[in-house]
Amino acid sequence: MKIENLEHELQPLREKLKNHPLYAQLESVEDIKTFMESHIYAVWDFMSLLKALQQHLTCVSLPWHPADDTSVARFINEIVLEEESDFNEEGEPKSHFEMYLDAMQEVQADTQKAEAIISSFTDLKTISNQIEGAELNRAEKNFLQFTFQVINSQQPHRIAAAFTFGREDLIPDMFLGIIEQSGEKGASNYKKLEYYLKRHIELDGDEHGPLALRMIKALCGTDDKKWNDVLQYSKQALQFRIELWDSIAEKLKENKGNLVNAL
């Protein structure tokens with residue numbers, strides 16, 4: 001299977017995610033707040049997938065040995081540098097996960113619940129039970145269960161599939177449009193969120209996409225079973241993302257229904 005065939009097979013699910021009804025429901029900073037309180041788990045799970053790839057595709061053990069593919073290793077290390085220890089809007093070193101939490105606090109979203117839940121996840125061997133026992137809705141649990149099922153497979157091509165094809169593309173641009181129209185000062189009210197979104201757009205530009213596809217090619221080579229694995233795990237990653245979006249859309253619907261009833 002070639003990358004072109006893989007992307008063709010994934011196109012229906014990617015279109016479904018791209019055209020999800022959730023996006024039409026995101027109309028205000030209050031809606032962004034609700035979205036972020038669920039999406040934070042996807043920000044965290046991205047870091048978990050990334051660090052799993054770093055363990056498999058670079059050398060993080062001793063004695064050191066060269067990576068099998070130095071270009072792929074550099075790609076992973078560059079993303080780790082940017083995602084785990086970037087500079088925030090004040091020039092302070094922070095992970096993008098921490099920047100996201102700061103942006104959540106800026107819009108007065110609840111961060112304590114997510115921080116408590118994530119800090120309770122302590123071991124890959126028991127994380128499935130820990131996720132199941134956490135105060136999460138079914139879609140959030142399923143989303144995280146899939147991620148750590150993939151990580152625990154110890155198969156780099158599967159992890160790379162979830163990392164490369166299981167994410168959305170529209171959120172930064174959409175959020176920027178909403179906050180720029182939110183009152184007289186617009187984005188200046190939300191400097192942390194604005195910075196996070198623009199940095200996300202900058203880093204996910206033309207370079208990362210082609211390199212991620214090269215990583216998939218390097219990991220699969222001519223192994224048809226691996227290519228089929230990548231297709232199946234990519235489909236599952238997209239489906240669980242869609243179901244997470246479904247749950248957020250339902251929450252937004254409930255919020256707006258409660259608001260109407262209160263008037």
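Residue 24 passes all but one of (1) open to solvent by less than 50 Å² (accessible area, probe 1.4 Å); (2) without any contact (Cβ under 8 Å) to a residue 24 or more places away in the chain; which number fails? Answer for residue 24: the failing condition is (1). With the structure loaded, tell me whether residue 116 is at negative phi and open to solvent by less than 20 Å² (accessible area, probe 1.4 Å) or whether it fails that test. Answer is no for this residue. I'd like the full set of residues that are open to solvent by 10 Å² or more (accessible area, probe 1.4 Å) and farther than 23 Å from residue 215 by Cβ, limited to the stretch 39-62. If the condition is that a residue be open to solvent by 10 Å² or more (accessible area, probe 1.4 Å) and farther than 23 Å from residue 215 by Cβ, then 39, 62 are the ones that fit. Set side by side, the residues 185, 226 differ, and just one is open to solvent by 10 Å² or more (accessible area, probe 1.4 Å) and modelled with pLDDT of 95 or more, which is 226. Of the residues making up the stretch 41-75, those that are touching a residue at least 24 places away in the same chain (Cβ under 8 Å) and either within 16 Å of residue 161 (Cα to Cα) or in a helix (DSSP H, G or I) (or both) number 19.
Filtered by the rule that a residue be of a type in the set (D, E, K, R) and assigned to a helix (DSSP H, G or I), the stretch 143-170 gives a lone residue, 158. Within the stretch 82-98, the only residue that satisfies the criterion of being open to solvent by 50 Å² or more (accessible area, probe 1.4 Å), over 23 Å from residue 34 (Cα atoms) and in a helix (DSSP H, G or I) is 84.
Residues that are within 21 Å of residue 32 (Cα to Cα), among the acidic types (Asp, Glu), within 18 Å of the chain's Cα centre (by Cα) and at pLDDT 95 or above occur in the stretch 99-115; there is at least one.
One line per residue, one yes/no per condition, for (1) more than 26 Å from residue 80 (Cβ to Cβ); (2) assigned to a helix (DSSP H, G or I):
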{"position": "110", "(1), (2)": "yes, no"}
{"position": "113", "(1), (2)": "yes, yes"}
{"position": "121", "(1), (2)": "no, no"}
{"position": "141", "(1), (2)": "yes, yes"}
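Do the conditions hold for residue 125, that is, is it out of contact with any Lys or Arg (no Cβ under 9 Å at 6 or more places or on another chain), among the charged types (D, E, K, R), assigned to a helix (DSSP H, G or I) and over 30 Å from residue 210 (Cα atoms)? No: the conditions fail for residue 125. Going by what's in this entry, would residue 35 be described as open to solvent by 30 Å² or more (accessible area, probe 1.4 Å) and not polar (S, T, N, Q)? When the stated conditions are applied, residue 35 does not pass them.
Taken over the stretch 121-179, the criterion of being over 14 Å from the mean Cα position of the chain (by Cα), of a type in the set (A, V, I, L, M) and closer than 17 Å to residue 47 by Cα is satisfied by 124, 127, 131, 150, 151. When the test is whether a residue is among the β-branched types (Val, Ile, Thr) and surrounded by fewer than 16 Cβ atoms within 10 Å (Cβ to Cβ), residue 122 passes it. Listed conditions (1) among the aliphatic types (A, V, I, L, M); (2) closer than 21 Å to residue 220 by Cα; (3) surrounded by fewer than 19 Cβ atoms within 10 Å (Cβ to Cβ) are all met by residue 6, apart from (3).
The values are calculated or read from the model by the stated rules, or taken from the named source; none is laboratory data. Everything numeric in this text was worked out from a predicted model, so none of it was measured. With ideal geometry, Cβ positions are generated from the backbone for all residues, glycine too; neighbour counts draw on all protein chains shown. The protein model used for the area step is the full one, side chains on, heavy atoms only, and it has no ligands, DNA or RNA in it. Shrake-Rupley method; radii C 1.70, N 1.55, O 1.52, S 1.80 Å.
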